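The values are calculated or read from the model by the stated rules, or taken from the named source; none is laboratory data. Here the structure is a predicted model, which means the values were calculated and not measured. Every residue, glycine as well, gets a Cβ built from its backbone with ideal geometry; the counts of neighbours run over all protein chains shown.
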C-alpha cells in the first residue's frame, strides 16, 4: 500500500497514529505535500462526508476521522506553506446571534476544512455585521450560518440583508443550515444555498464558489 | 371529552373523539396563550420525579464565582467536578448550562464508578401525586424511569443533546471510550447495576407513564443497537409487567435509520417523533414499521410556524390522517415551545401557529 493509500485508509478508520506516521514517512520519502493533501487527505474526508450523508458514518466516526486528518495536517502544514500551496478558498462560519449551540457549526467547519478550504470560525452568538465585516476583511467567498433555535432563524435573514446593504451580495455567497432550517426557508430569505448536513455544506461551498 | 379523558382513552387503547393535542408544560409559560390553548382543549404533559437518589459516601461542595458555579463531588475514589454557567438569558435549560461533565479524563473514571456504585434509590412520589391532583383534567404526569447506561456515560462526560458546547463534550466522550476501554466497560457495568436499582424503585412507585431515554441521532444506529437496545429489551418487559406504559423520546431528525431498532425496543409510545420536513421518518412509514399498537406523540416543529398558519393547519391535518388510528396518536409540540420568543412579530406567528394546529384537529374556537 502506498503512503497516500495508508493515509486515506487511516483517515477513514479514524486512526490518528497511522495517519501521523504515514504522513511523516511520506514526506521523508519525498512525496510532495500537495500530493498528500490533494490525493489522500481531501479525498478521504470527501469519502467520510459521503458515508455521513448515506447514514453509514455518524458524528462519532466523523469526529474521529477529522482528528486523524488534523494529526496528519499538522505535520504537513509547514511543507504546504513552504511550497506555496494555498487553500481553495475562504469560508466564514458561525452560529447566529442569540444561539449558543456549536456542534452543527463545528461539523460544518470540519468538513469544509477537510475539503481544502480555509475556515474562519467566528464561534457562536455571531451578529449579522460580524459575519459580513469579517468576510469582506478576510476576502472570504462564502458565509455559513448555523442555527439550532427556531427563534434565532430571523438572524439569518438579517445577515442576508446586511450583506445586501454592504453591496457584496452575489460576490459573497450565504449558505444556511441547522436543525430547524429548510430549503423553503432559505428560498424565502434569499440565501444562496441550504445544506441539510455538514457533508452537504462542504459540497455546497464548492458549488457556490464555482457558480 | 376533557383532555384527561381524551388522553386516557389513548393510553388505554381506546378511541377519543379528537386527536389529543399535548405539549410539555415547561415549553408554554403560564399566560394568555397557554390559557387560551388549554381552554380550547390542549393538555399539558408535566414531568415529575418519583424516586430520589441518595449517596451515602459522596459529599458535595458548591462554590460560586461570578456567573460560574462549580460543584465538587468528593467520592471515596477521588473528586469529580462540574462547572455550570448561570444567567444565560432567554435560553432553554433554565437559562444556565453545564460547561463540562464530571468525567473529563480517563483518570476520572474510577471516581465515577465509585459514585455510581454508591447510588441508592428511594420512592418518594409526593411531587408526582400532588401534580396529578393539581393538573386535574388539564394534563397528565410522566416521570423518568431508568436510563440506558451508555447514554448516561455520555452525560457523565458532559454530553447532552442540545447543550451548548456539545461538540467538545461529545468529542471528550468518544476519546474516553477509546483511551480507557476497560475502565469504561467497568463504568457501564456499574451504571447497569445502578439503573437496575432505579428500575425496582420506579416499579414500586405509582408512576404510570415512564420515560425511558432518548434518541438524538448522533451516535448512529449500529452503535445504538450494540450499546443501547439491550437496555430496552431488558427493561421494558419488566415495567410493562408492572402495568407501566413505556415511552421513548425520539426527536432525532434522522430517525429513519433507527426505525427498525425502535420496533425492537417494545416501547408503548414513541414521543417527539418529528416527521418531514424537519425529520426524515414519515408517520405512515413509522406506522408501517412499528404497527398500529404503538402510540405516536408527534412533534410539530415550531420552525414550521414561519410558513404561516394556513400552511401549519394543512400540515397538521395531513399528519392526523397519516398517523393512522386516532386512538394511538397524539399531536403537539415537544421541542422548544415559546422559549426564545422575545419580539411581537415572532410571538404573533407562534400564537397563530399553535391555534392553527388546534383548528386542524377540529377543536372549536
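Structure values in brief
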{"item": "Number of the exception - residue B:57 against (1) exposed (fewer than 15 other Cβ atoms within 10 Å of the Cβ); (2) within 30 Å of residue B:356 (Cα to Cα); (3) touching a residue at least 12 places away in the same chain (Cβ under 8 Å)", "result": "(2)"}
{"item": "Condition check for residue A:95: in the same structural domain as residue A:177 (by TED's automatic domain parsing), in a helix (DSSP H, G or I), within 28 Å of residue A:165 (Cα to Cα) and within 17 Å of the chain's Cα centre (by Cα)", "result": "no"}
{"item": "All positions within region A:100-118 that are outside any helix (DSSP H, G or I) and either within 14 Å of chain B (Cβ to nearest Cβ) or surrounded by fewer than 18 Cβ atoms within 10 Å (Cβ to Cβ) (or both)", "result": "A:100, A:101, A:102, A:118"}
{"item": "In region B:315-346, the residues that are more than 21 Å from the chain's Cα centre (by Cα) and modelled with pLDDT of 90 or more", "result": "B:315, B:316, B:317, B:318, B:319, B:320"}
{"item": "Region B:1-50, residues that are in a loop (DSSP other than H, G, I, E, B), in contact with a strand residue (DSSP E or B) (Cβ under 8 Å, 6 or more places away or on another chain) and either free of Cβ contacts under 8 Å to residues at least 24 places away in the same chain or within 16 Å of residue B:360 (Cα to Cα) (or both)", "result": "B:19, B:20, B:41, B:42"}
{"item": "Flag for residue B:256 being under 15 Å from the mean Cα position of the chain (by Cα) and either within 19 Å of residue A:62 (Cβ to Cβ) or outside the structural domain of residue B:23 (by TED's automatic domain parsing) (or both)", "result": "no"}
{"item": "Qualifying position, being surrounded by fewer than 17 Cβ atoms within 10 Å (Cβ to Cβ), assigned to a helix (DSSP H, G or I) and within 14 Å of another protein chain (Cβ to nearest Cβ), among B:310, B:260", "result": "B:260"}
{"item": "Scan of region A:148-194 for residues that are in a loop (DSSP other than H, G, I, E, B) and more than 26 Å from residue B:341 (Cβ to Cβ), ordered by number", "result": "A:167, A:168, A:170, A:171, A:192"}
{"item": "Residue within region A:94-109 that is over 22 Å from residue A:199 (Cα atoms), touching a helix residue (DSSP H, G or I) at 6+ places or on another chain (Cβ under 9 Å) and at pLDDT 90 or above present", "result": "yes"}
{"item": "Selection status of residue B:168, surrounded by fewer than 23 Cβ atoms within 10 Å (Cβ to Cβ), under 27 Å from residue B:272 (Cβ atoms), within 14 Å of chain A (Cβ to nearest Cβ) and in contact with a helix residue (DSSP H, G or I) (Cβ under 9 Å, 6 or more places away or on another chain)", "result": "yes"}
{"item": "Residue B:276, sole failed condition from (1) within 13 Å of chain A (Cβ to nearest Cβ); (2) surrounded by 22 or more Cβ atoms within 10 Å (Cβ to Cβ); (3) out of contact with any helix residue (DSSP H, G or I) (no Cβ under 7 Å at 6 or more places or on another chain)", "result": "(2)"}
{"item": "So residue A:117, is it closer than 15 Å to residue A:37 by Cα and either free of Cβ contacts under 8 Å to residues at least 60 places away in the same chain or in contact with a strand residue (DSSP E or B) (Cβ under 6 Å, 6 or more places away or on another chain) (or both)", "result": "yes"}
{"item": "Selection count where residues are within 14 Å of chain B (Cβ to nearest Cβ) and crowded, with 23+ Cβ neighbours inside 10 Å, scope region A:31-58", "result": "2"}
{"item": "Subset of region B:207-234 [part of a helix (DSSP H, G or I), under 30 Å from residue A:148 (Cβ atoms) and away from chain A (no Cβ under 14 Å)]", "result": "B:229, B:231, B:232"}
{"item": "All helices (runs of 4 or more DSSP H) inside region A:1-62 with 1 or more residues being closer than 30 Å to residue B:219 by Cβ and within 22 Å of the chain's Cα centre (by Cα)", "result": "A:3-13, A:16-28, A:42-53"}
{"item": "Selected residue (only one of B:78, B:158, B:101 is in contact with a helix residue (DSSP H, G or I) (Cβ under 6 Å, 6 or more places away or on another chain), more than 14 Å from chain A (Cβ to nearest Cβ) and at positive phi)", "result": "B:78"}
{"item": "Unique match (being in the same structural domain as residue B:33 (by TED's automatic domain parsing) and either in a helix (DSSP H, G or I) or crowded, with 21+ Cβ neighbours inside 10 Å (or both)) among B:340, B:353, B:362", "result": "B:353"}
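Listed here are the residues, each with its yes/no results for (1) within 14 Å of chain B (Cβ to nearest Cβ); (2) in contact (Cβ under 8 Å) with a residue 40 or more places away in the chain.
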position	(1), (2)
A:123	yes, no
A:136	no, no
A:141	no, yes
A:145	no, yes
A:152	yes, yes
A:160	no, no
A:167	no, no
A:177	yes, yes
